[in-house]
Each structure stands twice: as C-alpha cells, then as structure tokens.
Amino acid sequence: MRNKKITICHVTVVHPYNDNRIFYKECISLKEKGYSVLLIAPGVESKIQDGIEIHGVIKYKNRIVHFVKTSVFGVFKKAKRLNADVYHFHDPELIIFGVLMRLIGKKVIYDIHENNSASILSKPYLKRKWIRKIISWFVKITELFFVGFYSRLVVARPDIEDKFKKFKPILVNNFPIIVEPIHIELNFKKEKDAVIYVGGLSKIRGVIELINAFSEIDDVELWLLGPFESEAFRKVCENSDGWEKVRYLGSVEPNMVFSYIQKADAGIVTFLNVPNHITTLPTKPFEYMICRKPMIMSNFKYWESVFKDGANFVNPADSKSIKDGILSLFSSKERMKKMGESNYQRVINEYNWQKESVKLINLYKKLLYKEVR
C-alpha cells in the first residue's frame with residue numbers, strides 16, 4: 001500500500017449522513033490528513049460532499065426489516081463492493097456486519113457513541129420494563145462477546161471506556177469543533193431575557209418539566225430549537241402549564257444554530273435521571289460554552305465534575321428546582337457574564353475536537369503502520 005491512497009469507509013445505519021461526530025468530525029478530520037474517505041449512511045442519495053464520497057442505503061420504517069435487509073445484508077454487500085482498507089462502524093446494529101468484514105480480512109473499528117445496553121432501559125418504543133431488561137442484557141452480552149473480534153475499539157465517553165477497559169479502547173470524546181461561530185441575522189425580535197434549549201424534544205430529555213418551570217417565571221422566556229419526538233408529544237407540550245412562555249423555533253440548519261444561541265442569554269440541558277444520561281456528555285453544553293453562555297443543567301455528579309462553576313445545577317425532574325435555578329442565575333448579570341467567559345476558556349483550552357482528533361489520527365497511524373511506513 002506504499003503507493004496506494006488508503007481508503008477508509010465509515011458506516012452507519014442509524015445516524016443521518018451529516019451526523020456531527022461521524023461526518024463533520026471524524027470523516028472530515030481523516031480527509032484532511034490525506035485519506036480517501038467514504039461514508040455509507042441510510043436514507044440519502046449517493047453524492048460527494050466536502051470531499052467525502054457518500055453512499056446511501058435504504059432506510060426501512062420497520063425496525064426488524066431494516067436490521068435484516070440493511071444492517072446485515074445490504075450494508076455488507078455495498079461495503080464489500082467498495083473494497084476499502086478500513087471499515088469504521090458506529091451502531092450496535094452493525095455488530096454482525098463488523099464480524100463479516102473481519103472474516104473477509106478487513107480492518108474494522110467499532111465506534112461506540114453511548115452506553116447501548118443502558119440506553120435500552122429507557123427506550124420509549126419498548127413498552128414493558130421486563131422486555132427492556134432482557135434486550136439490555138442481550139445487547140451487553142453481545143457487545144462484550146463481539147468487540148474482541150474487531151481491530152480497534154473507539155469510545156465517546158469515559159464510562160464506556162471503563163465498561164470495555166479490558167479491550168483497551170481509545171477514548172475520543174465528542175467535544176465540539178472550535179470555530180468562531182458564524183453570526184446570521186435572525187428575523188425575529190427578542191423581547192425578553194431568554195434561556196435556550198437546542199436538541200431533540202422528548203419526554204426523556206425532561207422537556208415537560210422544563211416547560212412547566214416557566215409557568216411561574218415572568219421576565220424570562222424559553223426558546224426551544226429542535227424537532228419533537230412525535231406530533232403527539234408536541235401536543236402534550238403545547239398543553240403544558242408553561243407553554244405560553246415558550247417560543248418554539250422549529251428545526252434549522254446546523255450553521256444557524258449558533259446564531260440562536262448567541263441571541264439567548266443562557267443555555268439549558270435538563271435531561272432526566274436515566275442510566276444513559278447520568279454519564280453522557282451531550283454536545284449542547286459545549287455549543288453554549290463556545291458562545292460564552294452560562295448554563296442550567298441536571299445535577300448529575302458527572303456533569304458537576306465536568307462543567308463545575310459554569311452552570312447552576314438543578315433537579316431535572318422537579319420544575320420548581322429548575323425554576324429556582326433559572327431565577328438564581330438571572331439574579332446577577334455580572335455573574336452570568338463571568339460564568340460565560342469561564343465556559344468559553346474551558347472549551348478553548350480543554351474540551352474541543354481539535355485535541356480529540358489527534359487521538360483518532362494516531363489510532364489510524366498505528367492500525368495502518370505496517371502498510372504506510
């Protein structure tokens with residue numbers, strides 16, 4: 001391979017092709033280092049974007065059909081035809097695919113974004129608790145059995161690193177890309193101080209409790225930016241006590257998100273206390289930090305240890321606690337400014353993708369050492 005340009009193929013059957021971690025962080029970083037980068041992703045037409053060759057696969061609505069036709073057979077057939085040097089996959093649904101690629105002699109990296117067995121315990125589409133427990137156990141056993149087959153293991157969080165420590169995973173935190181946020185003029189007038197939440201709007205993310213917290217707040221409004229998990233959940237939110245204090249901004253293109261955050265006065269993330277939340281590091285707080293915003297966050301011990309004095313920490317299941325945290329924050333604009341500046345410095349110096357990408361590049365150098373030396 002000394003004279004051959006190395007080809008890396010990232011694979012997902014769950015995430016959109018333009019997923020922030022997969023496309024904008026990992027694929028782009030590898031392309032900038034001179035690799036030829038392909039991406040297999042669901043529900044997208046094949047095309048080239050930002051130098052990345054994207055190959056679409058069918059996304060079936062039925063989960064079982066999608067797993068059988070796409071996650072196992074469809075992706076394997078397409079990936080084999082592309083004949084890349086390394087396959088880097090991102091979903092537990094692709095565990096069998098990863099084994100098949102190893103069996104035909106390919107180098108394979110499994111990139112674990114979240115604690116998959118823990119996340120099963122809070123999946124809303126699994127109605128019965130005992131079913132969730134069985135599937136969670138099965139996912140845990142399956143992952144622990146198969147990860148040893150792959151060439152390398154990448155994890156996005158320290159708790160996942162601990163879970164798979166005997167396999168010596170590489171921790172590549174999902175920290176933000178540090179760029180000066182592009183400001184796009186927005187076509188609405190800000191009338192009050194505002195707290196913004198950016199991300200998917202769902203019950204498990206504490207959106208109902210968050211909305212209700214504003215029912216007794218007069219001088220601050222809540223901005224919601226992101227898609228509702230369902231139309232039924234949207235109606236529940238609209239019937240909640242604090243909805244009249246909410247400005248729903250819909251969903252926007254990624255390049256516009258920072259303009260909304262910049263226009264707000266503080267960011268908020270009050271995910272509920274479920275197993276996959278208490279040790280996760282969502283991207284939202286880092287986006288707030290880049291924009292120099294103070295934050296209100298769930299009082300998880302892990303979050304308190306990471307974000308420290310950059311946020312007011314509240315009980316996410318208690319609307320009164322959220323309300324008190326917001327009012328306490330807005331009681332001192334000087335403190336808010338200091339918190340925002342501290343957050344910005346922390347993300348610039350510690351929590352950024354530029355530092356994390358070095359780990360990813362070094363992993364590939366070691367994996368391909370014999371071929372490229």
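What's the extension gain from K59 to W137 if we count 0.36 nm per residue and subtract their Cα-Cα distance?
Length gained, K59 through W137: 25.4 nm.
By DSSP, what percent of the beta bridges with both residues in the chain are antiparallel, rounded to the nearest 5?
5 percent
For region 193-349, what is the convex hull volume of its Cα atoms per residue in Å³?
Values: hull volume 15.6 nm³, N = 157.
With only Cα atoms used, region 193-349 gives 99 Å³ per residue.
Arranged by the count of other C-beta atoms within 10 angstrom, fewest first, what order do I109, I52 take? Intermediate results must be reported in sequence, preceding the final value.
Details: I109 24, I52 20.
Going from least to most buried by this count: I52, I109.
What distance in nm separates the simple spin-label points at D193 and F149, each placed 7 Å from Cα in the Cβ direction?
Between D193 and F149, the simple spin-label model gives 5.6 nm.
Tell me, what is the Rg over Rh of the chain, with Rh the Kirkwood radius over Cα pairs?
On the way: Rg = 21.5 Å, Rh = 22.0 Å.
Using Cα coordinates only, the ratio equals 0.98.
7 Å from Cα along Cα→Cβ at both N83 and I348: what's the point-to-point distance in nm?
For N83 paired with I348, the spin-label model returns 4.9 nm.
Once phi is turned into θ = phi - 60°, what whole-Hz ³J(HN,Hα) does the Karplus curve with 6.51, -1.76 and 1.60 give for every residue of region 221-238, x standing for Gly and Pro?
Computed from phi, the couplings for region 221-238 are 10, 9, 9, 10, 10, x, x, 6, 5, 6, 5, 5, 5, 4, 5, 4, 5, 5 Hz.
State, to one decimal in nm, how far the label point of E180 lies from the label point of D218, with both points 7 Å from Cα in the Cβ direction.
4.2 nm
Just to confirm my numbers, what's the Cα centroid distance between region 13-53 and region 88-113 in Å?
Computed from Cα coordinates, the inter-centre distance equals 17 Å.
When only Cα pairs under 8 Å and 6 or more residues apart are kept, what is the percent relative contact order across the chain? Please report the intermediate quantities before stating the final value.
On the way: 653 pairs, mean separation 51.0, N = 373.
So the answer I get is 14 percent.
Reachable lysines from K301, Cα under 19 Å, same-chain residues fewer than 8 places away excluded?
Straight-distance partners of K301: K163, K284.
For the chain, build the charge dipole from Cβ charges (+1 Lys, Arg; -1 Asp, Glu) around the Cα centre, then report which of A118, T12, V108 sits farthest towards its positive end.
Of A118, T12, V108, it is V108.
Tell me, what is the percent relative contact order of region 82-220, built from C-alpha pairs under 8 Å that lie six or more residues apart? Intermediate values should be presented prior to the final figure.
Working: 138 pairs, mean separation 25.8, N = 139.
So the answer I get is 19 percent.
What FRET efficiency, computed as 1/(1 + (r/R0)^6) with R0 = 56 Å and r the Cβ-Cβ distance, is obtained for Y369 and S331, rounded to the nearest 0.05?
Details: r = 57 Å, r/R0 = 1.01.
The computed FRET efficiency comes out at 0.50.
Just so you know, all these numbers are worked out from the coordinates, no wet-lab data involved. Here the structure is a predicted model, which is why all the values come from computation and not from measurement. Here the Cβ is made from the backbone with ideal geometry for all residues, glycine too, and neighbour counts use every protein chain on show.
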